1. Could you please let me know if Lys162 is of a type in the set (Lys, Arg) and not in a loop (DSSP other than H, G, I, E, B)?
2. Would you point out the residue of segment 190-207, among those that are closer than 13 Å to Cys228 by Cα and of a type in the set (S, T, N, Q), that is surrounded by the fewest Cβ atoms within 10 Å (Cβ to Cβ)?
3. Taking into account only those residues within segment 67-98 that are among the acidic types (Asp, Glu) and more than 60 Å from the chain's Cα centre (by Cα), which is surrounded by the fewest Cβ atoms within 10 Å (Cβ to Cβ)?
4. Looking only at segment 199-214, count how many residues are closer than 9 Å to Leu232 by Cβ and more than 12 Å from the ligand (Cβ to nearest atom).
5. Among the residues of segment 175-183, is any closer than 28 Å to Leu28 by Cα and assigned by TED's automatic domain parsing to the domain that holds Ser44?
6. Can you tell me how many residues in segment 11-20 are charged (D, E, K, R) and surrounded by 16 or more Cβ atoms within 10 Å (Cβ to Cβ)?
7. So which residues in segment 163-189 are surrounded by 16 or more Cβ atoms within 10 Å (Cβ to Cβ) and not basic (Lys, Arg), if there are any at all?
Amino acid sequence: MNDKIASLIKLQDFDSQLDALAQSKARLAPEKENIQSQIQSLASALEEAKKTLTQTQVDRKNLELDVDTKEQAIRKFGNELNSVKSNDAYKALLSQIDEAKKAKSQAEDQVLEMMEKIEKLQRDSKEQDKRFQQDKAAFEKQIADLDAEEQRLQGEWDQKKKERDDYFQTLPDDVRTPYEYRTRGKKRDAVVAPIGVNNTCGGCRTKLPPSVVNDVMKGKDLISCETCSRILYIPAKAPAATA
Ligand SMILES: [Zn+2]
């Protein structure tokens, strides 16, 4: 094979590998973001549950104050019973005492209900907190693994890029220039293409004229596909398939 073609193929291989590494690395960022947002939504749910617990505790405190207020009213009315003059006023006070007792009893029932509710919320919240810590640790492990993978890919990319650039420096201008010209703003695999079965261009699949194939076979000059401009070459024979 023509040396120039061999160099171009090698350069294209280098660049394809570099692109593949960069793509693999780029896929990791959204994965990490996805995990971060799962942690975030678990944390929000936990926060909500804690707020509900706090609010219920405040409600309970208020109801207890309410019970105290009713208690004081009952005592006050009770004291006033001793000093009323008329029968009607006495009856009115008794009825007020009765009302206050009912209201107090209702509030006490509500306090009991609320205490049960708080106990349940506290148990749930503790359980949820424990689960959250476990899930968070698992998610953070996943992120750390992705970070490590990202670093590994970056290291591999840096290494390969250096190899590629060092190799590039060893090449003559008549290889570097056409390569750079053809890769400017283009896909990396658009520089060289093997001639495939039935004499088609391995890049764009166009059927090549026999004269073009003949020129490529002579291997003297760089011959391009007229359709896609890739430089054509005859691929090395694939090793015989083993049974
Ligand atoms: Zn082509």
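The values are calculated or read from the model by the stated rules, or taken from the named source; none is laboratory data. As the structure is a computational prediction, the values presented were derived from the model and not from experiment. Every residue, glycine as well, gets a Cβ built from its backbone with ideal geometry; the counts of neighbours run over all protein chains shown.
1. Numbers: of a type in the set (Lys, Arg): yes; not in a loop (DSSP other than H, G, I, E, B): yes.
For Lys162, the condition - of a type in the set (Lys, Arg) and not in a loop (DSSP other than H, G, I, E, B) - is met.
2. It comes out as Thr206.
3. Applying the filter and picking the extreme gives Asp88.
4. From segment 199-214, those closer than 9 Å to Leu232 by Cβ are 201-203, 208, 212-213; that's our starting set.
Narrowing the set further to residues that are more than 12 Å from the ligand (Cβ to nearest atom) leaves 213.
Adding up the residues that qualify gives 1.
5. First, pick out the residues of segment 175-183 that are closer than 28 Å to Leu28 by Cα: 183.
From the residues that got through so far, the ones that are assigned by TED's automatic domain parsing to the domain that holds Ser44 too are none.
No, the conditions are met nowhere in segment 175-183.
6. So the first thing to find is which residues in segment 11-20 are charged (D, E, K, R), and the list is 13, 15, 19.
If we keep only those that are surrounded by 16 or more Cβ atoms within 10 Å (Cβ to Cβ) too, we end up with 15.
Residues in segment 11-20 being charged (D, E, K, R) and surrounded by 16 or more Cβ atoms within 10 Å (Cβ to Cβ): 1 in total.
7. Phe168, Leu171, Val175, Pro178, Tyr179, Thr183, Asp189
Per-residue answers, yes or no, for (1) part of a helix (DSSP H, G or I); (2) touching a helix residue (DSSP H, G or I) at 6+ places or on another chain (Cβ under 7 Å); (3) of a type in the set (Asp, Glu):
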position: Asp13; (1), (2), (3): yes, no, yes
position: Gln17; (1), (2), (3): yes, yes, no
position: Leu21; (1), (2), (3): yes, yes, no
position: Lys25; (1), (2), (3): yes, yes, no
position: Leu53; (1), (2), (3): yes, yes, no
position: Lys61; (1), (2), (3): yes, no, no
position: Gln72; (1), (2), (3): yes, no, no
